[in-house]
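S.K.: The structure that follows is given in the form of structure tokens.
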Amino acid sequence: IPDDRSAMAELARVLKPGGVLVCLDEQLYDKASELERVYFEKVLASHDTIMRFPRDAVPAELDLVELHQIYQFYYLAIMRKG
């Protein structure tokens, strides 16, 4: 997503009050080359992907309920519209 703020604002706009927004960010895709896999495993796996979640882009009308790193290449963010 080139513009986190715009994307999150649009997601919040279309979400019904009380609705839940779940974001899963994957860092490695199924058809990754061997070089990409080695890079992800040796370089990115040592970094917390949870830190990549754009907290500052979450609009005020969304509450960040949970944020978890669920695998070395994924984070899961759960937000609720108040």
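S.K.: Taking the alpha-carbon distance from Lys16 and a cut-off under 16 Å, which lysines remain once sequence neighbours fewer than 8 residues away in the same chain are dropped?
M.R.: Counting by Cα, and skipping residues close in sequence, Lys16 has these lysines nearby: Lys81.
S.K.: Stretched out fully, how many nm does the piece from Glu41 to Ile70 gain, at 0.36 nm a residue minus the Cα gap?
M.R.: 8.9 nm
Where a number appears in this text, it was derived from the coordinates with a stated rule and is not lab data. What you see is a predicted model; the values in this text were computed from it and never measured.
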